[in-house]
Amino acid sequence: MALKKCHECDHDVSSDAKVCPNCGAPVKKEVPPKRGVPKGCMIFLGVTGILFFLIMGFTMLIDSCDKRQTEKDTAKQKQDLVIKEAQRKDAFLKDIENKYQNLKILVQDNKMEDANSVLVLFRRNNQLGYKDVKDLDKVVSIALLKKSVLEKKPGNYDKNLLTYKNLSDLEPDNKLYKNEYDFYKNKVDERKKIEAEKKRLAEEKEKKRLALFGPPPENSPWDGSVSCVKDYLRSVAKDPDSLVFEKWGKVAHNDKDGWLVWCDFRGKNSLGGFTRDVKWFVIRHNNVVAVKNFNAYQ
């Protein structure tokens, strides 16, 4: 409650009173001023909002224009390619007889690589049906395939198998091609069986290794350390806080012992002096099970 002056008699009146006790005049209630955002801030926010929407609209307009331009450029490029291809085909068709005669001469002269370059034009323009071009294409293809046959060595079996398959497709009745195809197929199948068996044995060996020794421990990418070895050394050290790990070897494996890693470390002994040593640590299922001298393993 607060006191204020009566507007009629200037007598002190309580702010909670309805009438002045001195003159009986009604007490005017003061209306608190409305609080709101300052006018300047409203103008700033309004202008900022308008600018934001203008910038966003302008950006979207530019992106839309760029997209339409890109689509136009792509469409024009495709159209240009179609036109150029049609022009090339027209030029080829106008000169097709000369190309055909040239092809025949090249085949007769046994210049199969050059003949194949001419045949590429006939294939590209779907003109293998022109006169006897299809027969010439077969002759050239067979000659080039026979020329590509490699020496009978294991490293060439896959390539020769594909070559004789293509030759057999071109001349199904040719027994020589069939026999060679069967020879290489048997060789490739035998190799695949051997590889599959090796893979199976390797997988079985890995399963046994994991069952016996657990997953391989990993060298830290930061300092090369192996966490289970560090934990072990700290557990047996006279002064764990004095341990310094100088260098670590890469995790290796021994079928008899398990996972192996060597460590060059130093620390305080029971007399308070520093000693340094290099040891191999045998690890199974992420636990150190044995410690050996450095010369125990190669």
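The values are calculated or read from the model by the stated rules, or taken from the named source; none is laboratory data. Model, not experiment: these values are computed from the prediction. No Cβ is skipped: glycine too gets one built from the backbone with ideal geometry, and neighbour counts run over all protein chains shown.
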Next item on the list: Might you check whether a residue that is at pLDDT 95 or above, farther than 22 Å from Pro216 by Cβ and surrounded by fewer than 16 Cβ atoms within 10 Å (Cβ to Cβ) occurs anywhere in the range 287-294?
Entry: yes
Item checked: Condition check for Glu204: outside the structural domain of Lys279 (by TED's automatic domain parsing) and under 39 Å from the mean Cα position of the chain (by Cα) -> yes
Check: Which of the residues spanning the range 244-282 are assigned to a strand (DSSP E or B), within 16 Å of Ser225 (Cα to Cα) and within 34 Å of the chain's Cα centre (by Cα)?
Finding: Lys247, Trp248, Ala252, Trp259, Leu260, Val261
Notebook entry, point to check: Which residues, taken from the range 93-128, are part of a helix (DSSP H, G or I) and touching a Lys or Arg at 6+ places or on another chain (Cβ under 7 Å)?
Noted result: Tyr100, Val118, Leu121
Item checked: Long-range neighbours under 7 Å by Cβ, at least six apart or interchain, first residue small (Gly, Ala, Ser) within the range 103-121, second buried (at least 16 other Cβ atoms within 10 Å of the Cβ) -> Ala115/Leu103; Ala115/Leu106; Ala115/Val107; Ala115/Val140
Margin query: Can you find a residue that is under 24 Å from Pro215 (Cβ atoms) and surrounded by fewer than 13 Cβ atoms within 10 Å (Cβ to Cβ) anywhere in the range 255-271?
Written below: yes
Margin query: Take the conditions under 30 Å from Ile194 (Cβ atoms) and of a type in the set (Ser, Thr, Tyr) and apply them to Ser148. Does it pass?
Written below: yes
Notebook entry, point to check: Got a sec? Which helices (runs of 4 or more DSSP H) wholly within the range 157-241 have at least 3 residues that are over 30 Å from Val288 (Cα atoms)?
Noted result: 157-170, 175-213
Notebook entry, point to check: modelled with pLDDT of 95 or more, more than 27 Å from Ala86 (Cβ to Cβ), within 45 Å of the chain's Cα centre (by Cα) and not assigned by TED's automatic domain parsing to the domain that holds Glu85 - does that describe any residue in the range 115-130?
Noted result: no
Item checked: the range 213-234 - residue that is surrounded by 13 or more Cβ atoms within 10 Å (Cβ to Cβ) and touching a residue at least 60 places away in the same chain (Cβ under 8 Å) and, of those, nearest to Arg284 (Cα to Cα) -> Phe213
Item checked: Residue among Asp73, Asp66, Asp90 that is of a type in the set (Asp, Glu), in a helix (DSSP H, G or I) and at pLDDT 90 or above -> Asp90
